[in-house]
Protein chains: 2
Amino acid sequence: MSQYWSDIVHKLTPYVPGEQPKLDNLVKLNTNENPYGPSPKVIDALKQEVADTLRLYPDPNSEALKAAIAHTHQLKSSQVFVGNGSDEVLAHVFQALLKHDLPLLFPDISYSFYPVYCRLYAIDYKTIDLASDFTINIADYDHPNGGIIFPNPNAPTGIPLPLQKIEQLLKNNTQSVVVIDEAYVDFGTQSAVSLINTYPNLLVTHTLSKARSLAGLRVGYALGSQDLIEALTRVKDSFNSYPIDRLASAGAIAAMQDDAYFNKTCEMVIATRTKLIADLESLGFEVLPSGANFIFAKHSTKEGAAITEALRARNIIVRHFKAPSRVSPYLRITVGTDAQSLLLMKALAEILS
Amino acid sequence: MSQYWSDIVHKLTPYVPGEQPKLDNLVKLNTNENPYGPSPKVIDALKQEVADTLRLYPDPNSEALKAAIAHTHQLKSSQVFVGNGSDEVLAHVFQALLKHDLPLLFPDISYSFYPVYCRLYAIDYKTIDLASDFTINIADYDHPNGGIIFPNPNAPTGIPLPLQKIEQLLKNNTQSVVVIDEAYVDFGTQSAVSLINTYPNLLVTHTLSKARSLAGLRVGYALGSQDLIEALTRVKDSFNSYPIDRLASAGAIAAMQDDAYFNKTCEMVIATRTKLIADLESLGFEVLPSGANFIFAKHSTKEGAAITEALRARNIIVRHFKAPSRVSPYLRITVGTDAQSLLLMKALAEILS
C-alpha cells in the first residue's frame with residue numbers, strides 16, 4: 001500500500017503458480033511439465049544460436065517462428081500471434097479482445113489466471129457453474145456476453161469437450177470472441193484449430209510448455225482470423241517490441257518442426273496416463289476423464305490436503321487447490337514417466353494403508 | 001477495426017522499433033546494439049543451460065538473477081525487479097506506478113515508446129519541451145504531476161543530465177514517482193542508483209541489451225525501494241508468472257558477474273565515440289554531447305533524410321526520425337567498432353563531396 005501505486009495495483013490478487021522447489025530427487029508432478037526433455041533437434045538448434053549474434057535484437061515480428069507454427073497448423077502466418085509463454089498471449093487476449101460492456105464468461109472451475117487478468121484490466125466477468133459431473137454445458141453460455149473463454153481440456157479437471165460442442169457454441173455465439181485455451185490439447189483432446197477458417201471470432205491458444213517440452217523457454221501462441229491477430233499485434237507493439245528472444249525463437253522453431261518426436265512423446269504420456277488411472281482406481285480413487293497430461297482425482301475416504309502433505313513428506317509433489325470448493329477433495333497429478341508413476345503408487349499405497 | 005476488438009485497441013498507435021534488416025554485409029548503426037558480442041562467460045553459461053531441464057519451468061521469481069543484479073548495484077534483491085527486456089519493465093512501470101489523476105510528465109523529445117504506453121493504459125500525460133540546446137531543465141518539471149520519466153542520457157539526443165540535477169528534482173518532487181531510464185548510462189553518464197536508498201520514490205531502469213551486449217536475450221530490470229518494486233511484482237504476477245526463461249536467466253547472471261569484460265567493452269565504445277565525433281565535426285556535422293553508445297548529429301547543409309537514404313544505398317543503416325520536428329535534421333548513429341566508423345566516414349565523405 002503506497003501513495004505511489006496506481007489505483008489498479010491495490011485491487012490486484014496476483015496468480016500463484018505451482019511452486020518450483022529447488023530440492024533434488026523430487027518426483028515433481030505439480031506443474032504439468034513434460035517428463036521427457038525437448039527434441040534433440042531443439043538442443044542442436046539452441047547450441048547453434050548461442051553466439052556473438054546475441055548482441056543483436058531478435059526479429060520483432062518473429063516471422064520465422066510464425067511461419068513454422070503456421071505450417072504445423074496449415075494456416076497463414078497472418079493467422080498466428082506469438083508471445084512469451086501462453087500466459088503472456090492470454091494477457092494480451094484479455095486486454096485486446098475480451099474487455100467489453102457485457103461480461104466475459106468462463107467456467108467457475110477453470111484456469112485460475114482468468115479472474116486475475118480480469119482484475120488487471122478491469123474486465124467485467126461472470127462465472128458459469130460446471131455441471132455436477134464437472135463438464136462444460138454449452139447451453140449455459142447462451143446469453144449476451146463480451147466474450148467466452150475456457151481451456152479444452154478444462155483445467156484443473158482435464159475433461160475434454162468434443163469438437164462438435166465447440167462448433168455448436170460458435171454457431172450460437174457470433175457477436176463476441178470465443179477463446180479456446182488448448183494448452184493441453186495434444187494429449188488426446190480434439191483441437192478446434194480446424195474451425196478457424198470458418199469462424200472469424202474463434203481464437204485458439206497453444207503453448208510449447210507442455211507437449212513440446214519447453215516450459216523453460218517461454219513460448220506460446222494464438223491462432224485465429226487476421227482480424228483477431230491484428231488486435232493482439234497492436235497491443236503487443238504497444239507493450240514490448242521484442243518478446244521472443246533469439247534462443248526462444250530458434251528452439252521453438254526446431255520444436256514445431258519435429259513432429260515425429262512430438263507424436264512419440266505425447267503417445268508415451270498418454271500410455272502412462274491410462275495405466276496411472278487404472279492403478280489409482282484400484283486404490284480407491286475416483287479419477288475424472290482426462291484429455292490432458294494430468295489427472296484430477298479424489299480418494300473415497302482420505303482428504304486431498306492430507307494426501308498432498310503425506311506425499312510431500314515422501315518427496316513427491318502434486319497440486320492441491322486449497323480454497324474450499326467442489327474441487328478441494330481432489331488432487332491434480334501430472335502424468336510423468338512410468339517410473340514416476342510407480343513411485344507415486346508405492347507412496348499412495350503406504351499413505352492409504 | 002472490428003466489433004471483436006476491445007475499445008482500447010482502436011486508440012493505439014503502436015511503437016515502431018528500428019528495423020532489423022536481414023541483409024548480409026550491413027553496417028548496422030540503427031538500433032544501438034553493442035558492436036562487441038557478449039562475454040565469453042555468457043556463452044559458456046548459455047551452452048551449459050541448453051539441456052533436458054528446458055522441459056521445466058524457470059523460477060517464477062528469478063531469484064538468482066535478482067541476487068546477481070543486486071550484488072552489482074550494492075542493493076538488496078527486494079529492490080530489484082526483472083522483466084523481458086526493459087521495454088516490458090517500462091510497460092509494467094507505466095501501469096503500476098505512473099497512472100494517476102494528475103498527468104505524467106516527460107520531455108517532448110524522448111524515448112518514443114512513452115506516449116505509446118500512455119495510450120495502452122489510458123494515462124494522462126503532458127510533454128515538457130527540452131531547452132533550445134536539447135537539455136532537460138529540471139525547473140520545468142516543478143508543478144503537480146502523477147509521475148516524471150525521462151532517459152538519462154536522454155534518447156535520441158544522447159545528452160547526459162548530471163546527478164546533482166536529478167537529486168535536485170527528487171528533492172522538489174516527493175509526491176510522485178520519478179523514473180530515470182538508464183538504458184545507456186554505462187557509456188559515460190552518472191547513474192542515479194546511488195540515490196535509491198535516500199529517495200523512496202526513485203525508480204531506475206536498466207537493460208542488458210546495450211552495455212551487456214545481450215539485445216538478443218531480452219532482459220531488463222528496475223531498481224528502487226521495496227515499496228515500488230512490490231507494485232511492479234503485483235502487476236507482473238497478474239500478467240505472466242514466468243517472463244524470464246531459463247536461458248535468459250543463465251546468460252544474464254553470467255553477464256552481470258563479468259565486470260571486467262563489461263568495463264573493457266564500454267571503454268572501447270567510448271573511445272570509438274570520441275574519435276567518431278571529431279571525424280564528423282571535421283565533415284561539417286554538429287554533434288550533440290553524448291553520454292550514450294550513439295550520437296545525434298546534423299550536417300550544416302545536407303538534410304538528415306537525404307543522408308540516411310544515401311547511406312542506405314551504401315549498405316550503412318542509421319536511424320532518422322521522420323516526423324517533422326526539431327530533430328528531423330538529425331541522424332542518430334550507433335557507435336560501432338573503429339572499422340565501422342571508417343566505413344561510415346568514407347561513405348559520408350563521398351555523399352557530402
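The values are calculated or read from the model by the stated rules, or taken from the named source; none is laboratory data. Bear in mind the structure is a predicted one, so any value in this text is a computation, not a measurement. All Cβ positions, even for glycine, are placed from backbone atoms using ideal geometry, and neighbour counts span all protein chains on display.
Annotations
- From the list B:Pro21, B:Pro38, the one residue that fits, being under 29 Å from B:Asn315 (Cβ atoms), surrounded by 18 or more Cβ atoms within 10 Å (Cβ to Cβ) and either in contact with a strand residue (DSSP E or B) (Cβ under 8 Å, 6 or more places away or on another chain) or in contact (Cβ under 8 Å) with a residue 60 or more places away in the chain (or both), is B:Pro38.
- Residues considered: A:Thr334, A:Thr301. Of these, the only one that is of a type in the set (Val, Ile, Thr), buried (at least 17 other Cβ atoms within 10 Å of the Cβ) and not assigned by TED's automatic domain parsing to the domain that holds A:Pro153 is A:Thr334.
- Residues of the range A:204-228 that turn out to be farther than 30 Å from B:Ser213 by Cβ, crowded, with 23+ Cβ neighbours inside 10 Å and either over 14 Å from the mean Cα position of the chain (by Cα) or at the interface with chain B (Cβ under 7 Å from one of its Cβ atoms) (or both), as a count: 3
- In this structure, B:Ile109 does not satisfy being in a loop (DSSP other than H, G, I, E, B), farther than 15 Å from B:Pro151 by Cβ and either at pLDDT below 95 or not assigned by TED's automatic domain parsing to the domain that holds B:Pro329 (or both).
To keep it simple, each residue is scored yes or no on (1) facing another protein chain (nearest Cβ under 8 Å); (2) assigned to a loop (DSSP other than H, G, I, E, B); (3) surrounded by 14 or more Cβ atoms within 10 Å (Cβ to Cβ).
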{"residue": "A:Val9", "(1), (2), (3)": "yes, no, yes"}
{"residue": "A:Pro14", "(1), (2), (3)": "yes, yes, yes"}
{"residue": "A:Thr31", "(1), (2), (3)": "yes, yes, yes"}
{"residue": "A:Pro58", "(1), (2), (3)": "yes, yes, yes"}
{"residue": "A:Ala67", "(1), (2), (3)": "no, no, yes"}
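- Qualifying residue in the range B:318-325 (condition: closer than 30 Å to B:Gln190 by Cα and in a strand (DSSP E or B)): yes
- Residue in the range B:116-124 that is modelled with pLDDT of 95 or more and away from every other protein chain (no Cβ under 14 Å) present: no
- Residue check, A:Asn263 out of contact with any His (no Cβ under 7 Å at 6 or more places or on another chain), at pLDDT 95 or above, over 30 Å from A:Asp133 (Cβ atoms) and not in a helix (DSSP H, G or I): no
- In this entry, A:Ile333 is excluded by the filter for residues that are assigned to a loop (DSSP other than H, G, I, E, B) and among the hydrophobic types (A, V, I, L, M, F, W, C).
- Checking each residue in the range B:41-56 for being surrounded by 18 or more Cβ atoms within 10 Å (Cβ to Cβ) and among the aliphatic types (A, V, I, L, M) picks out B:Val42, B:Ala45, B:Leu46, B:Val50, B:Leu54, B:Leu56.
- Any hit, the range B:152-162, residues being within 14 Å of another protein chain (Cβ to nearest Cβ) and modelled with pLDDT of 95 or more: no
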